Structures are given as C-alpha cells and as structure tokens.
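Taken together, the values in this text are just the output of simple stated rules run on the coordinates, not laboratory data. In this text, all values refer to a predicted model and were calculated from it rather than measured experimentally. Here the Cβ positions follow ideal geometry from the backbone for every residue, glycine too, while neighbour counts run over all protein chains shown.
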Amino acid sequence: MRRMPVQIQTLMPDITARAAILRAQLKNDKLSEDVDITELSIATANFSGSDIRELIRIAKQHRAKKVILNAKEAQSMVTDTTSSDSTTPPSATTTTTTTPHTDTTTTAVTTTRLPSSKPLAQENFLFALHKVQQAGTIIHYH
C-alpha cells in the first residue's frame, strides 16, 4: 500500500505569537536593557518560528564576532610595545603570569579571557534583521 504525504497548512504567527516565540527562544540568554521584544515582534512580521530562530542565531553570531574582535584589539593593545599607556577595554581581561622553570629561565604567558555572559543587544538583532532581509531568505506565500 502506498502512502500519500499529508500536508498541513498553518497560518504564520501573529505579533503575540512571535513575541512568545522570541521569549521562549531567548529564555536562557541575557538581554541588554535596550532589547524590545515588542519591537522585534513587529519587525518580524511574516516570519515563521524557524525564521525567528534563525534571526536569533545570526544575532548571537554577531555578538560573538564583536566579542572576539574586541578581545583581539585588547590583545594588540597589550602586545603593542610602542605605547606605554595601553589599557585593556572592559570587554576582555588580560593577565600575565610568570612561571619559573627548573633551570634559570622564566616564561611569561599572557592570557586574554573573553567575557562569558555579554548580553544580546538590540544592535545584534538589527544586524540580524538586515542580514535576513538582505539575503531574501524569508519568503512566504499566503
């Protein structure tokens, strides 16, 4: 016996459902005070739940890239020997540890620790919205 695939058509989530999807997807994430779930719900009109999940993934990726870039800048400021007043930005913590060896040599190791809990900011979501709309990946026919 041959089975026919079943198609189930559903409506796209309305603004209330999109807000609920955003809250559910972001429940374990720290959000900056400037993040407005209602504004994001309006901006994501015609997005499905998986479209919203992709938007959040891109926003998190954008945040991570910025953290790494800031850490690299902090590292270059620390290793720059031409500037005597180099400081580490608040986005990264740099420490230098000196370890004596069994012989007479000493090794200095510089470690940069990335912030583990930088909150998602509105700018991350705006970047993601621009990327998603620019790529034209959100296409739904009604």
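Loop-located GluC sites (Glu not before Pro) in region 1-85 (DSSP state not H, G, I, E or B) with no more than 11 neighbouring Cβ atoms inside 10 Å: 33.
Across region 63-76, rounded Karplus estimates of 3J(HN,Hα) from the backbone phi angles (6.51 cos²θ - 1.76 cosθ + 1.60, θ = phi - 60°) give 4, 4, 4, 5, 5, 5, 4, 5, 5, 5, 4, 5, 5, 5 Hz, Gly and Pro being marked x. Local charge for residue 15 was computed over the other residues whose Cβ lies under 15 Å away, with Lys and Arg +1 and Asp and Glu -1, and equals -2.
Across region 1-81, Cα-Cα pairs more than 22 Å apart make up 46 percent of the total.
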